[in-house]
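Data first, discussion second: the structure below is written as structure tokens.
The values are calculated or read from the model by the stated rules, or taken from the named source; none is laboratory data. Because the structure is predicted, anything quoted here is derived from the model rather than measured. Neighbour counts are summed over all protein chains in view; Cβ atoms, including those assigned to glycine, are modelled from backbone coordinates with ideal geometry. Areas reflect the complete protein model, heavy atoms only, side chains present, ligands, DNA and RNA absent. Shrake-Rupley method; radii C 1.70, N 1.55, O 1.52, S 1.80 Å.
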Amino acid sequence: MRTFLILLFISIAPLTFAQTQDTIILSFSEYLGYVKKYHPIAKQANLTIKIGQANLMKARGAFDPKIEVDNNRKVFKNLEYYDQLNATFKIPTWYGIELKGNFEQNEGVFLNPQATVPDDGLYSAGISASLGQGLFINKRMADLKKAKYFIEQTAADREILINQILYDASLAYFNWLQAHNEILIYSQFLENSKIRFDGVKRSVENGDKAAIDSIEAGIVVKNRALGLEQSNVKLMKASLELSTFLWLDNNIPVEIQPNVIPDSLIEETVDNVLEIAGIPLTDFVLETHPKLRSLNYKFKGLEVDKQLKANKLLPKIDVQYNFLTQDPDLARSFNTNQFKGGFSISFPLFLRKERGDLKLAKYKLQDTQFDISNAKITIQNKVLSLYRELESFKTQNELITKIVKDYTTMLNAEERKFSFGESSLFLINSREKSLIDSQLKAIEVQNKFLKAKAKLFNSLSRDLENL
């Protein structure tokens with residue numbers, strides 16, 4: 001596919017409308033496939049998943065076993081004041097409990113008496129726990145829970161980001177299609193006006209028509225040429241806009257070539273490409289919308305934060321118990337009379353900081369709940385209005401098709417009358433202008449119809465799985 005992209009798009013020549021080369025149709029499905037795979041924003045969206053996974057790994061790291069070794073030694077004037085070695089192995093657990101094994105060996109002339117241990121060292125094994133703050137929830141528990149919610153939130157956010165870039169790319173494709181179709185119209189009627197001008201010019205030379213008719217036919221040719229030139233500029237801008245969504249896999253932007261054209265039969269495939277075909281309004285499930293999923297996971301994360309802040313209102317009670325032995329076989333040498341233990345209690349008297357943090361956490365929850373409520377009604381009404389708008393566009397397309405057909409019939413009839421000498425060049429030009437306006441209006445209606453489908457796709461915030 002990369003080679004095909006290079007053949008299609010790499011060009012340094014100015015972009016102008018031309019049919020001299022063999023045209024290549026860039027289908028809507030292929031185009032969105034390139035955008036989703038290579039566009040930098042699409043790649044950035046995929047990074048959000050990796051960021052969530054990295055945060056989850058980081059949070060799980062708080063429960064990793066840990067080895068700590070402390071060695072302090074002081075020697076002065078060839079006298080060893082002290083040499084202290086303390087090696088600890090810790091295993092954090094879920095509910096504020098930590099298991100610990102320790103080896104301590106100390107010696108020296110000026111060793112602190114409470115640090116005195118047997119010559120072969122002292123072994124200990126024990127447990128520390130938080131009985132107030134941190135028993136049922138602590139920072140590492142909260143971080144892990146929030147990281148799990150965050151990874152789900154990033155998955156929903158990725159869908160929203162991918163959907164948005166595909167939506168913007170779709171609008172660029174539809175504008176490109178509109179500009180291309182307008183050029184086809186002006187090219188056709190410019191050719192018709194030239195043929196008519198040549199005929200009138202010959203009639204003037206033969207004395208069958210007045211010279212003023214030749215001037216009038218020439219003005220029509222110039223007007224059609226002017227319209228074509230303006231459409232060329234419009235196509236150039238639309239092509240450059242389209243090119244901003246086309247990249248190679250090594251982050252190289254590409255420019256679409258003039259011989260690449262859009263798919264004129266897009267209406268037959270757009271629903272399948274955007275994966276909105278056969279989805280009635282009754283099948284729309286609001287709760288599964290990525291925006292709401294993202295907000296709900298954000299809300300759950302804030303709930304965890306509120307629980308943590310509420311836990312801070314409890315007194316801080318830390319206890320620890322370690323049994324001691326000089327025998328490395330800890331299981332056989334266990335003796336409850338040989339231990340090191342203690343507890344510590346702290347409790348702020350006014351709890352102003354803790355109560356303030358809890359209030360802020362509650363306000364954040366309320367703020368997010370308001371966002372969820374607003375998002376629900378906004379998404380619901382937007383989807384409902386788009387379904388109704390699409391129904392209206394079906395009627396509009398039928399009407400504009402009939403109008404174009406009627407104007408074509410009137411122009412053909414006027415041209416037959418003109419060939420019999422029963423009409424004038426003015427009436428033909430008038431009929432033709434009305435037909436051109438109706439065809440341009442039909443292209444505009446088609447563009448709005450396609451954009452309404454893209455808006456529905458965007459409002460549903462779906463990722464395209466079949467690209």
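In whole angstrom, note down how far apart the Cα centers of the stretch 428-467 and the stretch 27-98 are. Between the Cα centres of the stretch 428-467 and the stretch 27-98 lies a distance of 52 Å.
Considering only PHE457, ALA413, ALA375, the residue lying farthest towards the positive end of the dipole of the stretch 363-467 is ALA375, judged by Cα position with unit charges set on Cβ. Quick check: the angle from helix 290-311's long axis to the longest principal axis of the chain, C-alpha only, nearest 10 degrees? Once rounded, one gets 20 degrees. Dividing the C-alpha radius of gyration of the stretch 143-223 by 2.2 N^0.38 Å, with N its residue count, gives 2.48. Here the sum of -39500 (n - 2.57) over DSSP H runs of 4 or more residues, divided by the residues of the chain, equals -21000 deg cm²/dmol at 222 nm, to the nearest 500. Once you order the gyration tensor axes a ≥ b ≥ c over the Cα atoms, which shape class does the stretch 316-397 get: rounded for a/c under 1.5, otherwise prolate or oblate by comparing a/b with b/c? Oblate is the answer for the stretch 316-397, as a/c is 1.5 or above yet b/c matches or exceeds a/b.
A prolate overall shape is assigned to the stretch 149-307, the ratio a/c of its alpha-carbon gyration tensor axes (a ≥ b ≥ c) being 1.5 or greater and a/b exceeding b/c. When its C-alpha radius of gyration is set against 2.2 N^0.38 Å (N residues), the stretch 53-182 gives a value of 2.06. Which is the longest run of the chain containing none of the trypsin sites (Lys or Arg not before Pro) found in DSSP loop states (not H, G, I, E, B) with at most 11 other C-beta atoms within 10 Å? The segment 78-331 is the longest one with no such site. Across the chain, the longest run free of exposed loop sites, meaning GluC sites (Glu not before Pro) lying outside DSSP classes H, G, I, E and B with no more than 12 other Cβ atoms within 10 Å, spans 1-421. FRET efficiency for the pair TYR81 and ASP120, taken as 1/(1 + (r/R0)^6) with r the Cβ-Cβ distance and R0 = 22 Å, rounds to 0.55.
Amide H contacts under 5 Å for LEU246: VAL254, restricted to partners 5 or more places along the chain or on a different chain, H placed in the peptide plane at 1.01 Å from N. On C-alpha positions alone, give me the angle between the axis of helix 211-243 and the longest principal axis of the chain, in degrees, nearest 10. That helix lies at roughly 10 degrees to the long axis.
If you restrict to DSSP beta bridges whose two residues both lie in the chain, what percentage is antiparallel, to the nearest 5?
Once the DSSP bridges in the chain are tallied, antiparallel ones form about 90 percent.
Distance distribution P(r), the stretch 123-184, all Cα-Cα pairs, bin width 10 angstrom from 0: 16, 19, 18, 15, 11, 9, 6, 4, 1 percent. The charge dipole of the stretch 376-467, taken about its Cα centre with unit charges on the Cβ of Lys, Arg, Asp and Glu (plus for the first two, minus for the last two), comes to roughly 420 debye. Mean separation of Cα pairs under 8 Å and 6 or more residues apart, divided by the residue count, gives the chain a relative contact order of 22 percent. Listed by chain and number, the aspartates and glutamates whose alpha-carbon sits under 12 Å from that of LYS451, ignoring those within fewer than 8 places in the same chain, are ASP168, GLU267, ASP271, GLU389.
Taking every protein chain into account, the accessible area of the stretch 350-420 amounts to 72 square angstrom per residue (probe 1.4 Å).
Placing pseudo-labels 7 Å out from each Cα toward the beta carbon at LEU111 and ASN251 gives an inter-label distance of 5.9 nm.
Would the stretch 245-349 count as rounded, prolate or oblate if I go by the C-alpha gyration tensor, calling it rounded below 1.5 in a/c and otherwise prolate when a/b exceeds b/c, oblate otherwise? Here the stretch 245-349 falls in the prolate category. Note: relative contact order over the stretch 326-467, using C-alpha pairs below 8 Å and six or more positions apart, is 28 percent.
At the listed q of 0.14, 0.15, 0.23 Å⁻¹, the Debye profile of the stretch 375-467, built from one uniform point per Cα, gives log10 I(q)/I(0) equal to -0.65, -0.69, -1.06.
Take the convex hull of the alpha carbons in the stretch 202-261; its mean projected area over all directions comes to 5.6 nm².
When the Cα positions of ILE215, ALA169, ALA179 are compared along the charge dipole of the stretch 131-220, ALA169 comes out farthest toward the positive end, with charges on each C-beta of Lys, Arg, Asp and Glu. Between the helical axis of 28-38 and the dominant principal axis of the chain, each derived from Cα atoms, what acute angle in degrees is found, rounded to the nearest 10? Helix 28-38 sits at roughly 30 degrees to that axis. Per-atom-type breakdown for the chain gives carbon and sulfur 55% of the accessible area (1.4 Å probe, protein chains only). Between the alpha-carbon centres of the stretch 208-254 and the stretch 298-324 there is a gap of 69 Å.
Were the residues from SER203 through LYS433 laid out at 0.36 nm apart, the gain over their Cα-Cα distance would be 80.5 nm.
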